[in-house]
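Following: one structure in structure tokens, then a few remarks.
The values are calculated or read from the model by the stated rules, or taken from the named source; none is laboratory data. Note that this is a predicted model, so its numbers are computed, not measured. Note: ideal-geometry Cβ built from the backbone for every residue, glycine included; neighbour counts use all protein chains shown. Calculation scope for accessible area: heavy atoms of the full protein, side chains included, ligands and nucleic acids excluded. Shrake-Rupley method; radii C 1.70, N 1.55, O 1.52, S 1.80 Å.
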Amino acid sequence: MLIAQITDIHAAPDNDNLARLQRVINWIITVKPDLLVVTGDLTDNGWYEGYRAIETELQRAQCRYLVLPGNSDDKQMMRDCLQAAVHWRSDTALHFSEVVNGFPVIGIDTTIDGEARGDITRHLQWLATELNKSTQPALLFMHHHIFPCGIEPLDEVICTGATELSQLMASCNTPPLAICSGHIHRSMAAMLGGVPAYICGSVCPANPLMLDKQRVPPVTDPAALMIYDLSKGYPVSSHISV
């Protein structure tokens, strides 16, 4: 089982992020994943034609794909453009919970209307139900990062509920194999409640690793994605630059 993750395309008429996405999809086609997960921020400023163009690119990937919203997304436009391929579990929170090739994959919508930050606490009961449905641990996807990344402006718009999520994972029968997010526009990894937590690098240009205001290194990162190889019985997670 091979899962690809992309995030934070931020396509707009005045940038070249659709071209960056096209290069990422070209790379994904070569590895033939079983599933592609997109963890939000597809377009900026409600660009309807951008959602249509992204749908075309996702179809080129030649595999099943699942999509979550990010804080910059228009959920109604996502429903209009992607509903036929993505079976969300609610009309308000665009969660998904699927079993792909026998492997459970859960996506939780952490967005808050009108805000850049995220919140998982409102959806923990739903998540607990989904995690406990299977004896096999799932990969859990979300848009917002759940652990502090050390970049102060971005940690101001973190996902609320890390403590509550850790408590849920400790108490449920089948905690997730890993937590996979985006939002930071930079690849990072940490642990949360004993579970690996990954931040996927972005399709759009990266943010600098500004761990303090006195040290702002240059940004030289190309478009990025993650690959999760589950064929060994545990996730081997690869950070890919394209």
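Net charge in the neighbourhood of T39 (other residues with Cβ under 15 Å of its Cβ; Lys, Arg +1, Asp, Glu -1) is -3.
The length gained on full extension between E115 and K75, counted as 0.36 nm times the residue separation minus their Cα-Cα distance, comes to 13.0 nm. Look at the dipole of the chain built from charges on Cβ: of I240, P222, I199, the Cα furthest out on the positive end belongs to I240. Label segment 121-242 by shape, choosing from rounded, prolate and oblate, from the square roots a ≥ b ≥ c of the eigenvalues of the Cα gyration tensor; if a/c is under 1.5 it is rounded, and otherwise prolate applies when a/b is larger than b/c, oblate when it is not. The shape class here is oblate. Each label point was placed 7 Å from the Cα along the Cα-to-Cβ direction; for Q125 and N45 their separation is 4.0 nm. As a fraction of the 1.4 Å probe accessible area of the chain, surface on carbon and sulfur atoms comes out at 51 percent. Quick check on the chain: helices-only [θ] at 222 nm, where DSSP H runs of length 4 and up contribute -39,500 (n - 2.57) each and the sum goes over total residues. Nearest 500, please. After summing the helix terms and dividing by residue count, I get -7000 deg cm²/dmol.
Between K213 and W27, the simple label model (points 7 Å from Cα in the Cβ direction) yields a spacing of 3.4 nm. Between M191 and S238, full extension at 0.36 nm per residue minus the direct alpha carbon distance yields a gain of 15.3 nm. Of all the stretches in the chain, which is the longest one without any exposed loop site, taking trypsin sites (Lys or Arg not before Pro) in a DSSP loop (any state but H, G, I, E, B) with at most 12 other Cβ atoms within 10 Å? It runs 1-212.
Amide hydrogen proximity for C180: with H placed 1.01 Å from N in the peptide plane, the residues at 5 or more positions away or on another chain lying under 5 Å are L140, F141, M142, Y198. Report note on the peptides 104-113, 154-163, 219-228: ranked by the mean count of other C-beta atoms within 10 Å, highest first, their order is 104-113, 219-228, 154-163.
Here's how it looks for G40: its modeled amide H is under 5 Å from those of D8, L68, which are all 5 or more places away or on a different chain.
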